[in-house]
Structure formats: structure tokens, C-alpha cells
Amino acid sequence: MNSAARAITLAFCGAVSCACSANTVDLDRTPTNPAPAGPTQLGAIERIDAGTEVSSFDVEGSRVFWQSGQIQSCEFERCAGTVVTYDVPVDAFLEGETADDVFVAYAGAARYQPAVEVVARCPRSGCTGGPQKFLEEDANAAWSPAFDASYLYWQSTFDLLRCPLSGCEGVPELVAKDQTGLGALSIGTDAVFYETFNVDVIDQWELHSAAKDGSEPAKTLVQVPNAIYRVYAVGPTAFYWLDNAGSIQSCPLAGCDGQPPTTVVSTATGKTSLRVDDSGIYWMEPESGTPGGGAVRYCPLAGCPATQQPIALNAPYITNEFALDAEYLYWTEYVPGGEEIQVGTGDPSNSVPFSGSSYIYRMQKPTTSH
């Protein structure tokens, strides 16, 4: 691992795409053509080498966590000397982190059934001899684990449940009961947000909220017909989702209450991986000329009408995913293996093979608007 292996600069552009500055190096290891920078400079982009292709990653505190054949983490600013490799089963998936622990999920053996879903944890500093089992669901799989500072929330077959992070030896607490087709969870300040798929209405996607302690009945916030799956995100005062046309819609956290949603971003493109923070909305969408890749784009919470295009924050080769913390935008890019001309020779016949690599990048989040 190496910390900030190369510093490159990128422009903050008010157009659909950003021109690269003259000292930018493409991730296919060939120099770009010099081009003028955009109107506002965002400063250096830093990267660390994450080895082979990253399947998932996250950021919590000062550490970045990733899964690339094995689950590892490091302090981004000094990665080389702070790498931790977690001793977890090879089929474990990185599910999330708290201030103290790293949580993973994997299929565990069971006597009378082929597998059960196990959620386990390791201290952030590492674990030897395997992780500590936190939750093992024999009858109902533990899907979509999510965390706040005190609890782990998850979905069984029909119910939304939680346990204190101090331990889950007793009966889990019920947050919401008899919810059909539960999907991804998002934890808000006072409520848990979750999606369902209505079996009584063909292909209807619904978003709901429930009080974290289960003290109030769950509430349906929005219903979207002809939508088996929707990408959604929860912000400080509103929730956001992608409609069938690819636009970003929003309603207050209390729900749409029969009112039409607000169209925040009207560009009809294939958006994915929606994120929201206190200032804006971030998502990925396909970028021409980058098969399998996409650009991370941004709009202020006030929205981007049709006359104001979203801002492209990066110019990726093959971007897998992105994440946010209070100050930075992080994303992963994968460079496939191939042949590289040895530096200084200029001779295509004098090339050497190199294996594919993944990198985790970060840049400061935008602080300006349109």
C-alpha cells in the first residue's frame, strides 16, 4: 500500500463533463492531452492503491475500509504504515463500521439447514482467530444490516428488528412488523427508512419510515408504480429517489402526503448510487467512452433545473462506487490489466504486462453552488 501515490488536480466544472488539467494522468497510465482547467480549482486529488478489484468500500472516521479479496482498512493520509487485514471468513461481506468495530456478514453452517446468515464483528484495530459472532439468524436471514451509534438494525423475512451494539444475546427489539419484501435500510436521526415491494400491486415500490424504538406505527412515505427497484437516499430534511425516467424526486421526511414530489434533477440519465449530505446530492451516471464506468455528479439541495446541468466531480476510468464523509468525496476506480510500454523507451515492442489494480481516491467536496 502507498499513501497518496500521485497527486492530480481536477476542475470543478459547471458543465456535464470536465476537462482535465495538463498534469492529470489517466488511469490507463497514458498522459492526457493538455486542456484548460475549469473555472474553479478544487485542489489536489489523492489516491491509495487498494490492490485487486475492490468489491465494496466505506469510510468511517479517519479510516477507509475496503474489500478486495480480503477486508482491510487504513488511515487514508498514512496508509502504508496503518493497514489492518481482518481475519474473517473468505465469503464474508463488509457491511459497515462503528467507532469501535467492523461488521461483516457471511453464511454460517447449520445442522438442519444448508446455511444461516451470520453478522459478526472485529475490533477496528484487527482480530485474530476469526470475528466475534454478533447475530445468527437460524430461521430468518439477517438482511441489510445498518447502524447508528447505539444499535444494529436488520431485516428478517417480514420484520424490521434491532439489537444494542453492546450485544444481542436476548430477544431482538421489534421496530416494524409484517413488512413485505423489505429492501435497503437508511438510518435517520429519529427514524429508520426502508423500502418494500407491494405484493398486492404489481411492481409497486414503496418507501416507509418507522420510529427507531418501534413506539409508533410504520408510515408509508411514497408509492411509485411500475418500479420494482428504486435507488433512494435520506437527507437532513427530505428523502430522494430516482423515478422511472431517471430524474431525482424528493419529498419531506414526513412524507409526500398526497402532494406531487419535487423534481430536484431533471436530466434523464441512468443514475445510480444516490447519496445526500447537508449541502447537496451526489450520484453516479454512465460516462461516454468508459464502458462499465461513470462520473460522480453533484447538485445543490436546491436542485438543478433543466437549464443548469449537474456538475461532474470526477473523470473516472472505471468507477465502482463512491462514499462521503464530512469533508471529502471518495471513490474507487479499477484499472484492468494489460501491456505497458516501459518508461523512456517509446518502443511498443518493449512492453511488460501488468495486473489490474484498484485505487481509492478522495477530493474535497464542493462548497460552491451553481
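The values are calculated or read from the model by the stated rules, or taken from the named source; none is laboratory data. Because the structure is a prediction, the values reported are computed rather than measured. Neighbour counts are summed over all protein chains in view; Cβ atoms, including those assigned to glycine, are modelled from backbone coordinates with ideal geometry.
Okay, residues lined up against (1) touching a Lys or Arg at 6+ places or on another chain (Cβ under 6 Å); (2) closer than 30 Å to TYR298 by Cα; (3) of a type in the set (Gly, Ala, Ser):
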residue	(1), (2), (3)
TYR151	yes, no, no
THR157	no, no, no
LEU185	no, yes, no
PHE193	no, yes, no
PRO225	no, yes, no
ASN244	no, yes, no
GLN249	no, yes, no
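Scan the range 225-244 for residues that are in a loop (DSSP other than H, G, I, E, B) and either among the polar types (S, T, N, Q) or more than 19 Å from PHE197 (Cα to Cα) (or both) and report the count. First the steps, then the outcome.
Initial filter on the range 225-244 (in a loop (DSSP other than H, G, I, E, B)): 225-231, 235-237, 243-244.
Remaining after also requiring either among the polar types (S, T, N, Q) or more than 19 Å from PHE197 (Cα to Cα) (or both): 226, 235-237, 244.
The qualifying residues number 5.
Tell me which residues, restricted to the range 83-99, are in a loop (DSSP other than H, G, I, E, B) and either in contact with a strand residue (DSSP E or B) (Cβ under 7 Å, 6 or more places away or on another chain) or surrounded by 22 or more Cβ atoms within 10 Å (Cβ to Cβ) (or both). Break it down stepwise before answering.
Applying the first criterion (in a loop (DSSP other than H, G, I, E, B)) to the range 83-99 yields 83, 86-92, 98-99.
Correct list: VAL83, TYR86, VAL88, PRO89, ASP91, ALA92, THR98.
Output the number of residues of the range 208-238 satisfying the condition of being within 19 Å of the chain's Cα centre (by Cα) and within 14 Å of ILE187 (Cβ to Cβ).
Total satisfying the criteria: 5.
Check GLY280 against each of (1) within 29 Å of PHE65 (Cα to Cα); (2) at pLDDT below 90; (3) crowded, with 19+ Cβ neighbours inside 10 Å and name the one condition it does not meet.
With (1) within 29 Å of PHE65 (Cα to Cα); (2) at pLDDT below 90; (3) crowded, with 19+ Cβ neighbours inside 10 Å applied to GLY280, the lone miss is (2).
Do we have ALA184 as among the aliphatic types (A, V, I, L, M), surrounded by fewer than 18 Cβ atoms within 10 Å (Cβ to Cβ) and closer than 20 Å to GLY96 by Cβ here?
yes
Filter the range 211-258 down to residues that are surrounded by fewer than 16 Cβ atoms within 10 Å (Cβ to Cβ) and of a type in the set (Val, Ile, Thr) and give me whichever is farthest from PRO164 (Cα to Cα).
The extreme case among them is ILE228.
Among the residues of the range 200-210 satisfying the criterion of being of a type in the set (D, E, K, R) and outside any strand (DSSP E or B), which is surrounded by the most Cβ atoms within 10 Å (Cβ to Cβ)? Working first, answer last.
Filtering the range 200-210 down to residues of a type in the set (D, E, K, R) leaves 200, 203, 206.
Next, only the ones that are outside any strand (DSSP E or B) stay: 200, 203.
Working: ASP200: 6, ASP203: 12.
Restricting to residues being of a type in the set (D, E, K, R) and outside any strand (DSSP E or B), the top hit is ASP203.
Checking the conditions here, which among SER288, SER358 is over 18 Å from ASP58 (Cβ atoms) and either modelled with pLDDT of 85 or more or among the polar types (S, T, N, Q) (or both)? So that I can check it myself, show each step before the final result.
Numbers: SER358 fails: over 18 Å from ASP58 (Cβ atoms).
Step by step, each of SER288, SER358 is checked, and only SER288 is over 18 Å from ASP58 (Cβ atoms) and either modelled with pLDDT of 85 or more or among the polar types (S, T, N, Q) (or both).
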